[in-house]
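Below is one structure, written out as structure tokens, with a few remarks after it.
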Amino acid sequence: MSVLVDKNTRVIVQGITGSAGGFHAKAMMEYGTQVVAGVTPGKGGQLWEGKVPVFNSCEEAVRNEGANASVCFVPGIAAADSVMEAAAAGIPLVVCITEGISIMDECRLRAFLQRTSTRMIGPNCPGIITPGETKLGIMPGYIHKKGDIGVVSRSGTLTYEIVWQLSNLGLGQSTCIGIGGDPVQGTDFIDCLKLFNADAGTRAIVMAGEIGGTMEEEAAAYIKEHVRKPVVAFVGGQTAPPGKRMGHAGAIIQGGKGTAAEKYKALREAGVACVISPAEIGATMKKVLEGKAA
Amino acid sequence: MNLHEYQTKQVLSKYGIPTLPGRVAESPEQAAEAYRAIGSPVAVVKAQIHAGGRGKGGGVKLVRSAEEARDFAAKILGKPLVTPQTGPQGRIVRKVLVEAGCDIARELYLGCVLDRRLGLPVLMASKQGGVEIEEVAARDPQAILKQPFDVGHGLQAFQARALGFGLGLEGETFKAFASMAHAVARMFVERDCSLLEINPLVVPKSGGIVALDGKMGIDDRAIELKKQPELAAMRDVHEEDPIEHEAASYGLNYVSMDGNIGCMVNGAGLAMSTMDIIKLAGGAPANFLDVGGGANKDQVAKAFKLLLANPSVKAVLINIFGGILKCDVLAQGIVDAIKEVKVAVPIVVRLEGTNVEAGRKILKESGLKVISAADMGEAAKKVIEAAGLAR
């Protein structure tokens with residue numbers, strides 16, 4: 001079992017004729033993802049790599065190929081428009097990999113999506129993978145292992161690090177979701193916790209947050225109230241100075257708010273097994289599952 | 001990216017938001033001229049730096065003659081100004097703003113920020129102007145009135161009214177405030193602001209409403225996407241950390257810290273976590289450095305040079321989880337960079353991910369003294385030892 005995506009997910013790649021889109025479309029197909037179409041306005045009618053039909057619009061791709069998910073690699077200046085196009089075409093899940101969308105565009109995008117039933121993951125994220133079935137994103141597929149741990153994270157390479165630790169300990173993953181490092185996101189921790197909590201194939205959850213905003217505190221309140229599966233949490237940026245943006249647009253301590261200490265406090269109070277060292281995330285999950293205190 | 005007060009006021013004026021007559025001066029003589037040109041018997045000379053608390057730091061003075069304006073400008077120009085927000089080293093004052101004085105009846109606050117949870121800008125107002133809004137928020141959160149608004153629809157008239165009534169304004173002042181609220185909301189959206197603050201917003205004894213101080217931050221993405229060329233041209237590189245500025249020009253994310261372990265990592269989340277584990281192992285990170293997912297050999301070399309330009313760095317930790325960035329490409333970049341840069345401090349490398357075996361082989365066969373580590377925990381321990389900081 002898994003959440004949001006599985007081997008039957010029919011994926012379009014927006015920006016398939018670009019270098020990043022093309023590179024990752026290939027990697028996704030090698031992993032087993034059903035990439036059924038590409039969309040690049042003005043390049044419709046081509047057959048990408050001799051096998052994937054390219055359309056001018058998402059609407060055409062949906063009509064001709066029955067796509068039900070999209071991965072967007074369109075550059076920052078046009079990415080918000082591309083995600084809106086996918087949503088308007090009725091695609092229920094859009095994974096937006098693009099980094100560098102302006103915050104005002106992200107606000108417009110979020111308001112637009114609220115009037116549709118489309119879920120966006122990202123922007124500025126590694127994507128989502130259900131190990132052994134499908135990946136919609138840029139993560140290295142081979143580090144994953146099929147299993148029953150749900151992973152949700154605001155980061156890219158830190159997610160790979162966590163997955164690697166889990167896989168090496170024999171702890172496979174049901175689905176791993178990178179929700180992205182931007183201040184305005186399509187999917188937050190609570191959305192993912194709800195999905196994992198309801199998924200019979202997920203036994204426990206790893207949540208990796210970071211400084212900035214209050215998403216971890218809100219997640220903590222939700223866990224306390226609703227989640228009965230074990231949750232292991234890590235918060236990056238314990239040493240980050242206030243007022244500085246730490247790479248991710250959303251990773252900034254503002255007006256003394258959004259610190260790792262506050263987030264850990266809320267998570268601990270919600271009964272979450274908190275890990276301070278990023279090297280111990282997998283080991284902590286193992287202990288928790290073996291019934292030992294973290 | 002942030003703007004100076006005088007620049008913020010230039011933009012505010014374009015949106016019809018009233019400010020006091022003022023001029024920028026870069027020399028004492030210009031300050032005296034500015035005083036004369038303004039023609040107000042009482043004027044204020046204000047240091048222009050990107051930090052608050054300028055009054056407390058002695059960077060703001062009321063003057064009553066051209067000589068006084070000149071003397072105060074001479075006293076602060078070209079010298080560091082230390083305020084509660086600058087840190088002990090202060091910031092060099094390169095410009096002053098000479099502005100007409102104002103008889104203040106009331107000091108209010110008006111600001112706009114992004115509400116991340118709602119994904120909307122929120123216009124905020126408070127009767128408690130002239131103090132840091134974070135202080136007000138901590139002491140008396142009810143004292144801050146908030147109106148979130150949709151980027152597409154803009155601020156609605158009822159929202160501006162709600163803030164005006166909440167501030168206890170009446171008559172012409174109420175009307176002037178309402179139109180200012182609309183202008184601020186529109187400017188925030190159109191100019192891709194990350195922060196826009198008028199603090200204090202002043203009701204002068206003579207009536208009306210005036211922006212006495214202004215602070216503006218712009219979304220760096222909008223600058224990168226060239227959506228705001230006019231604002232981008234206002235960038236003051238003197239106000240930025242020179243290493244951070246140089247790193248940005250190579251497409252690298254760098255933040256200076258005051259420790260002695262340099263670190264180079266791919267990905268922001270892993271980079272933050274690497275800093276954290278250095279601290280946990282008993283060291284202190286000298287920097288945050290994210291080389292990004294698609295770094296090439298050249299960028300790795302440049303990143304290296306940046307790290308080593310910091311004289312406090314006693315050892316370097318390279319932590320790479322190869323995804324898009326393949327380990328062999330990275331290892332070759334490290335080897336080339338080390339040969340070119342002449343590294344005098346120990347280097348600990350932790351490589352994992354795509355093509356890791358090939359990457360480790362390149363490092364091993366290079367003959368360079370690189371200490372390798374199997375995982376993050378071991379890497380942190382080894383780098384502290386190598387730096388001679390082990391407990």
Item checked: Förster radius 30 Å - calculated FRET efficiency between B:LYS226 and B:SER13 (Cβ-Cβ, nearest 0.05) -> 0.80
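What does the structure give for B:112-121 when I average, per residue, the other chain Cβ atoms found within 10 Å of the residue Cβ?
Whole-number average of other-chain Cβ neighbours for B:112-121 is 6.
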Check: B:LYS146 label point, 7 Å along Cα→Cβ, cut-off 15 Å on backbone N: hits in the range A:252-270?
Finding: A:254-258
Next item on the list: Report, by chain and number, residues whose modeled amide H sits under 5 Å from the one on A:VAL95, excluding near sequence neighbours (fewer than 5 apart, same chain).
Entry: A:SER70, A:VAL71, A:CYS72, A:ILE121
Check: For B:LYS361 and A:TYR142, what is the calculated FRET efficiency with R₀ set at 30 Å and r taken between the beta-carbons, to the nearest 0.05?
Finding: 0.95
Next item on the list: Show me B:312-319, B:167-174, B:11-18 ranked by packing, highest mean number of other Cβ atoms within 10 Å first.
Entry: B:312-319, B:11-18, B:167-174
Next item on the list: Using only atoms on other chains, find how many Cβ atoms lie within 10 Å of each Cβ of peptide B:217-223 and report the average.
Entry: 5
Notebook entry, point to check: Under 5 Å between amide H atoms, partner at least 5 residues away or on a different chain: which partners does B:LEU123 have, H built in plane at 1.01 Å?
Noted result: B:GLN147, B:PHE149
Check: When we measure straight from the Cα of A:LYS265, which aspartates and glutamates land under 20 angstrom away, once same-chain ones fewer than 8 places off are left out?
Finding: A:ASP188, A:GLU210, A:GLU216, A:GLU217, A:GLU218, A:GLU225, A:GLU280, B:ASP276
Check: Considering every pair of different Cα atoms, what Kirkwood radius, in Å, is found for chain A?
Finding: 19.1
Check: How many Cβ atoms of partner chains, on average, are near each residue of A:244-252 if near means within 10 Å of its Cβ?
Finding: 6
Note to self: Which one, B:VAL300, B:LEU118, B:LEU201, is farthest towards the positive end of the dipole of the protein assembly as shown when Lys and Arg carry +1 and Asp and Glu -1 on their Cβ?
What the structure shows: B:VAL300
Next item on the list: Subtract the Cα-Cα distance of B:ARG186 and B:PHE174 from 0.36 nm times their separation in residues, and report this length gain in nm to one decimal.
Entry: 2.5 nm
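Over 23 Å between Cα atoms: which of B:LYS146/B:LYS175; A:LYS145/B:LYS279; A:LYS145/A:LYS229 fall into that group?
Those over the limit are A:LYS145/B:LYS279.
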Next item on the list: Compute the label zone of B:GLN85 within the range B:1-19: residues whose backbone N is under 18 Å from the point 7 Å along Cα-to-Cβ.
Entry: B:1-12
Notebook entry, point to check: For B:PHE165 and B:ARG94 in one chain, what is 0.36 nm times their gap in residues minus the Cα-Cα distance, to one decimal in nm?
Noted result: 21.5 nm
Notebook entry, point to check: Taking the Cβ-Cβ separation of A:PHE23 and B:LYS205 as r and a Förster radius of 56 Å, what is the calculated FRET efficiency to the nearest 0.05?
Noted result: 0.30
Item checked: Peptide ranges B:298-304, B:55-61 listed from the most packed, as the mean C-beta count within 10 angstrom indicates -> B:298-304, B:55-61
Margin query: Here is the link list: A:LYS7/B:LYS361; A:LYS244/B:LYS381; A:LYS244/B:LYS79; A:LYS135/B:LYS364; A:LYS7/B:LYS227. Which ones come out longer than 29 Å on Cα distance?
Written below: A:LYS7/B:LYS361; A:LYS135/B:LYS364; A:LYS7/B:LYS227
Item checked: In order through the range B:327-338: 3J(HN,Hα) via Karplus (6.51 cos²θ - 1.76 cosθ + 1.60), integer Hz, x for Gly, Pro -> 4, 5, 4, 5, 4, 4, x, 5, 4, 4, 5, 4
Checklist line | Relative packing of A:43-52, A:244-253, B:24-33, B:42-51, which averages over residues the other C-beta atoms within 10 Å, highest first | finding: A:244-253, B:42-51, B:24-33, A:43-52
Margin query: Along the Cα→Cβ direction, 7 angstrom out, place labels at A:LYS51 and B:VAL42. What is the inter-label distance in nm?
Written below: 7.9
Next item on the list: Fewest Cβ neighbours within 10 Å first, please rank A:CYS176, B:CYS112 accordingly.
Entry: B:CYS112, A:CYS176
Notebook entry, point to check: Got a sec to turn the phi values of the range B:127-132 into Karplus ³J(HN,Hα) couplings, 6.51 cos²θ - 1.76 cosθ + 1.60 with θ = phi - 60°, whole Hz, x for Gly and Pro?
Noted result: 6, 8, x, x, 10, 4
Next item on the list: Pull out the extension gain between A:ASP81 and A:ILE276, defined as 0.36 nm times the separation in residues minus the alpha carbon to alpha carbon distance; nm, one decimal.
Entry: 66.3 nm
Note to self: Along the charge dipole of chain A, pointing to its positive end and built from +1/-1 on Cβ of Lys, Arg, Asp and Glu, which listed residue (A:GLY32, A:PRO183, A:GLY42) has its Cα farthest out?
What the structure shows: A:GLY32
Check: Counting Lys and Arg as +1 and Asp and Glu as -1, each charge on the Cβ, what is the dipole of the protein assembly as shown about the Cα centre in debye, to the nearest 20?
Finding: 720
Notebook entry, point to check: Taking the Cα centre of each part, how many Å lie between the range A:1-38 and the range B:275-325?
Noted result: 32
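A short reminder: the numbers here are calculations on the coordinates, not readings from a lab. The shown structure was predicted, so the numbers you read here are calculated from the model rather than taken from an experiment. Note: ideal-geometry Cβ built from the backbone for every residue, glycine included; neighbour counts use all protein chains shown.
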